[in-house]
Amino acid sequence: MRNNWVQAFKGYVRVRVDGAYPERFLNRCIEQRFSIWKIKRVGDERIVFYMDIEDAKKIRPLLRTTDCKVTFAERKGTPAMMRKISLRAGFVVGLAACLAIVLVLSNMVWKVEVEGASPHVEHELRQVVTEMGIKPWTFQFSLPSVEQIQRDVTEQVSGATWVGVRQKGTTYQFEVVEQKLPDEATRVSPRNLVAKKKAIIHDIFVEHGQAEVKPNDFVEKGDMLVKGEIGKEGKTEIVAAIADVRGEIWYKSEASIPLEHLFTTLTGESKNRHYVSFFDLNVPFWGLRSHDFEQVQEFNEQKEFHFLKWELPIKYIRKEFRETSSYNRTYTEEEAIEEAKRMARVELVHRLPEDAEILGEKVLHEALENGKVKLKIHYQVLEDITSAQPIIQGD
Amino acid sequence: MKKIKQQMRVWMTKNMQLPADVMMDLPRITMIGQLHIYIENHRGVLRFSNQELRLLLKQGQLLIKGDQFVIKTILPEELLLEGRIDQVIYLNE
């Protein structure tokens, strides 16, 4: 059977045939293998039907032999439509331009919203953001990713502790958490100070309260250090103990380090390849030549296109191939021990409060197994060991 | 001679289980209710109007009567007619 799509694409025409005996004309057409369809009689001497435009050009000789008159009533299909479109070119161009404008404008930044910031911080943020290019009339794909913006903005805006960035269509929303300076030290309620850990008292300075221990005393966890009670017996008064008690504490830590270690570093050489992605099908269009790096690491970056609020299935993807090189680090046993000690110390310092002080370290045990050096180290550390224990006053 | 050939064909069709339309150039007609009629092996349109379609066959004619006739497709040997079909009549000269 005939294929409607092909017919519609090539174009067809409605034909009116007048004559005493139009059946003869039909038979001639069939003999010539012209494709005709939807034949209908509309009057005594008239039939109408459809035929391909190509065949319609060839029917003139048949008319003479069959004594019929032909009128072409209506053209249909793609060619006819193209003609109509070209007649209304202005309208079509306007429609296309409208779509194009909407598409372009959907990919621009239109609004920058700032939430939760005081006027001062908001002003600062807006300045930083405008400098980065986030302002109306900028294309979204010329901007860094939202995560990148968030990192940069949080770093650059001094008045804010954290800035959350969200992209909602053509709007960039910034949510600001401002720095809050702590309130003035509040009045502390009555309390004792007790030991936080097992320690030897190193020095003690009491501002308020009554010291219960003296240097070189050994305390267990929970032992009373400074009592929140002053005055003579019988005339005591309960106060909030304030004191700085530093004790010597022992820490044990373990560290292990392999003698050989393979490192991968970037050499700084890189090559970009650009893709346009339709429905997750990536089509490279720039930087097609393959890189000649021995070892590479791949980094992807992608930008979506938007139409109004919808994400189009077209994406731009940039793949960056960065050359890497690896090298093997080898330690001798002594070097490995030194390194392990250094690492353990750094780790300990991280764990300790800021005012702590490491008095000494001592390697308890060292072993070499499976190409790894294992150390057990003992540290003496000086730190504040007080912990508050409120005094619950009875009546 | 022609008659012998014809008789030979009839005999072959009957006894050798060969399809009659192929052997003897007969029309093959497929109807779907009153809505469609599909005719193969015709030899041209003699008369076509809203109420009737007269087709030339190898032997004789075929007359289809009904109403609101539209020829949906027409090819050298095939024809698809749509409308309300009331009668299909063979005319033998």
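For A:Ser387, enumerate residues with amide H under 5 Å from its amide H, sequence gap 5+ or separate chain, H modeled in the peptide plane.
Residues meeting the criterion, in which the H sits 1.01 Å from N, are A:Val194, A:Lys196.
Ratio of alpha-carbon Rg to the 2.2 N^0.38 Å globular estimate for the range A:29-156, to two decimals, please.
2.31
Exposure proxy check: A:Tyr12, A:Tyr21 ranked by fewest other beta carbons within 10 Å?
The fewest-first ordering by Cβ neighbours comes to A:Tyr21, A:Tyr12.
Hey, what did the range A:118-263 get for relative contact order, percent, Cα under 8 Å, at least 6 apart?
It rounds to 17 percent for the range A:118-263.
From the backbone phi of the range B:40-52, what are the Karplus-calculated ³J(HN,Hα) couplings (6.51 cos²θ - 1.76 cosθ + 1.60, θ = phi - 60°) in whole Hz, Gly and Pro given as x?
Karplus values, whole Hz, x for Gly and Pro: 10, 6, 9, 10, x, 9, 9, 8, 9, 8, 5, 9, 8.
Below 8 Å, C-alpha to C-alpha, sequence gap of six or more: please give me the relative contact order for chain B in percent.
Relative contact order of chain B: 22 percent.
Which whole-Hz couplings ³J(HN,Hα) result when phi for each residue of the range A:47-62 is put into the Karplus expression 6.51 cos²θ - 1.76 cosθ + 1.60, θ = phi - 60°, listed in order with x for Gly and Pro?
Couplings: 10, 10, 7, 10, 8, 5, 4, 4, 6, 4, 6, 9, 8, 4, x, 5 Hz.
Provide A:Thr78, A:Thr170 in ascending order of the number of other Cβ atoms located within 10 Å of each residue's Cβ, fewest first.
Starting with the residue having the fewest Cβ neighbours, the order is A:Thr78, A:Thr170.
Quick check on chain A: helices-only [θ] at 222 nm, where DSSP H runs of length 4 and up contribute -39,500 (n - 2.57) each and the sum goes over total residues. Nearest 500, please.
Taking each H run of at least 4 residues, the total per residue is -7500 deg cm²/dmol.
How far is the Cα center of the range A:266-288 from the Cα center of the range B:1-58, in Å?
67 Å
Return the Rg/Rh value of the protein assembly as shown, two decimal places, where both radii are evaluated on C-alpha atoms and Rh is the Kirkwood radius.
Reported Rg/Rh (Cα atoms, Kirkwood Rh): 1.38.
Listing A:Tyr379, A:Tyr327 from the residue with the fewest other Cβ atoms within 10 Å to the one with the most, what is the order?
Going from least to most buried by this count: A:Tyr327, A:Tyr379.
Amide H neighbours of A:Ser35 under 5 Å, at least 5 residues apart or on other chains, H built in the peptide plane: list them.
It is A:Asp52, by chain and number.
Taking H placed 1.01 Å from N in the peptide plane, check which residues at least 5 places from A:Ser270 or on another chain put their amide H under 5 Å from its amide H.
A:Glu323
Which whole number gives the average count of other chain Cβ atoms within 10 Å of the Cβ atoms across peptide A:360-369?
0
From the phi of every residue in the range A:316-323, what ³J(HN,Hα) in whole Hz does the Karplus formula 6.51 cos²θ - 1.76 cosθ + 1.60 yield, where θ is phi - 60° and glycine or proline is x?
These are the phi-based 3J(HN,Hα) values: 10, 10, 10, 10, 10, 9, 10, 6 Hz.
What is the spread of the Cα atoms of the range A:1-55 along each of their three principal axes, largest first, in whole Å?
So the extents along the principal axes, rounded to whole Å, are 33, 22, 18.
Quick one: pull the percentage of alpha-carbon pairs in chain B with a separation above 20 Å.
Looking at chain B, the distances longer than 20 Å represent 40 percent of pairs.
From the helices alone, meaning DSSP H stretches of at least four residues, give me the mean residue ellipticity at 222 nm for chain B, per-run term -39500 (n - 2.57), in deg cm²/dmol to the nearest 500.
It lands at -6500 deg cm²/dmol.
Over chain A, calculate the relative contact order: mean separation of alpha carbon pairs under 8 Å at least 6 apart, over the residue count, as a percent.
13 percent
Rule-based calculations on the coordinates, nothing more; no lab input. This one's a predicted model, so the numbers in the text were calculated from it and none came from an experiment. Glycine gets a Cβ as well: all are built from the backbone with ideal geometry, and neighbour counts include every protein chain shown.
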